[in-house]
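The next block holds one structure in the form of structure tokens; read it before the comments.
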Amino acid sequence: MSNDALSSLLKEYEQKKLNAEMDLEKRKNNLYKLIPRLEQIDTELSTLGINTAKNILNNISKPDSVDNLKLKIANLKKEKEALLIQNGYSLDYLKPFYECKICNDTGFILDKNYKTTMCNCLKQKLLNISFNKSNISNINKENFNNFNELLFSDEVDLAKYRFNISPRRNIINIKNKSIEFVNNFDNPEYKNLLFVGTTGLR
């Protein structure tokens with residue numbers, strides 16, 4: 001996969017993320033006009049959140065006052081949720097509607113070791129690009145489900161094939177190795193496959 005294809009996809013992801021966030025702002029502003037109390041709550045939540053963080057970082061507040069701030073925040077969130085439900089909106093209406101809920105349209109996620117890895121949605125798009133460039137047009141017919149091993153001879157002919165196994169056993173081994181490769185495609189420890197042969201070999 002070329003860097004150009006990846007760069008192009010990342011720009012597409014950046015635009016998708018921006019569109020989702022712009023859409024959120026538009027929905028939020030419309031909702032604030034319909035339900036002014038929601039804007040007041042969001043402003044109060046922002047202020048309380050900043051004050052809580054400052055008090056914790058500066059260690060100037062007693063534990064009970066921090067708890068009071070957290071309680072106020074929790075109560076405001078409950079009020080906000082109640083207002084949304086009462087007016088017929090879902091609880092996630094004031095959140096960005098990302099196409100991919102896993103990576104939030106960034107293309108990347110943090111794994112369990114806090115290492116950045118490519119999201120499956122971006123991997124799939126890269127695979128689609130590779131697939132479209134591979135000239136594979138009959139994948140619905142030409143696949144392992146339709147593979148017929150009986151087309152290959154079951155006779156061992158060392159002089160002709162230079163193998164001490166039959167063509168049928170050989171092709172079955174190739175098929176199994178290919179399936180194993182696909183099943184381990186995301187494993188960086190797994191080796192690639194290399195197919196060689198004369199021009200036009202099938």
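The values are calculated or read from the model by the stated rules, or taken from the named source; none is laboratory data. Keep in mind that this is a model prediction, so the values were computed, not measured. Using ideal geometry, Cβ is built from the backbone for each residue, glycine included, and neighbour counts are taken over all protein chains shown. Please note that ligands, DNA and RNA were not included when accessible areas were found on the heavy atoms of the full protein model with its side chains. Shrake-Rupley method; radii C 1.70, N 1.55, O 1.52, S 1.80 Å.
The figures follow:
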| quantity | calculated |
| --- | --- |
| The chain - Debye-derived log10 I(q)/I(0), Cα point model, q = 0.12, 0.13, 0.16, 0.17 Å⁻¹ | -0.89, -0.97, -1.20, -1.25 |
| Set of lysines near Lys141 by C-alpha distance (under 30 Å), chain-local residues within fewer than 8 positions excluded | Lys123, Lys125, Lys133, Lys175, Lys177, Lys191 |
| The chain - percent relative contact order, Cα under 8 Å, separation 6 or more | 17 percent |
| Cα-based shape type of the range 11-117, given that a ≥ b ≥ c are square roots of the gyration tensor eigenvalues and the cut on a/c is 1.5 | oblate |
| In Å², nearest 10: area of Lys141 left accessible to a 1.4 Å probe | 150 Å² |
| Gained length - Phe97 relative to Leu194, 0.36 nm times residue gap less alpha-carbon distance | 30.7 nm |
| Cross-link partners of Lys78 among lysines (Cα-Cα below 24 Å; sequence separation of 8 or more within a chain) | Lys26, Lys28, Lys33, Lys54, Lys70, Lys95, Lys101 |
| Convex hull volume per residue in cubic angstrom - Cα atoms of the range 63-169 | 270 Å³ |
| Label-point gap, in nm, between Asn75 and Gln15 - each point 7 angstrom along Cα→Cβ | 4.8 nm |
